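The values are calculated or read from the model by the stated rules, or taken from the named source; none is laboratory data. Because the structure is a prediction, the values reported are computed rather than measured. Glycine also receives a Cβ, built like all others from the backbone with ideal geometry; neighbour counts cover every protein chain displayed.
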Amino acid sequence: MQKIEFLGQFMVIIKGNYFYITGKCAKAGLYFYYDCKYQREVIVKGLKLAGIFGNLIKENATISGAEGGCQAEVGAACAMAAAMVAYLRGLNDEQIESAAEIG
């Protein structure tokens, strides 16, 4: 059995004897799935797209808070989330790229 609880910005997933605490991105995925009624496959594609942007940042700069500071870590996460939301909203490639840049 799996139980999901929301504590402020975080989501706690309890499964058997284990529990997982996730940040905003996983919570956003559940929001789009349960509340906005997006199909699972569409959300998975959005997460893959976010991962591509994260990899692009990792290869050309850094996503590490230890290496680049909090702004690098949070900035990368914002760019990834903005790209995913833009994709889910049906924007074109140029608009998705712009959303990631602004995010």
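At-a-glance table
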{"read-out": "Close pairs (6 angstrom Cβ cut-off, 6 or more residues apart or separate chains): under 19 Å from residue 96 (Cβ atoms) in region 51-79, modelled with pLDDT under 85 anywhere", "value": "57/63; 76/63; 78/103; 79/103"}
{"read-out": "Qualifying residue in region 33-40 (condition: at pLDDT below 80, under 21 Å from residue 95 (Cα atoms), assigned to a helix (DSSP H, G or I) and of a type outside the set (S, T, N, Q))", "value": "no"}
{"read-out": "Residue 70, sole failed condition from (1) modelled with pLDDT of 70 or more; (2) surrounded by 12 or more Cβ atoms within 10 Å (Cβ to Cβ); (3) out of contact with any helix residue (DSSP H, G or I) (no Cβ under 7 Å at 6 or more places or on another chain)", "value": "(2)"}
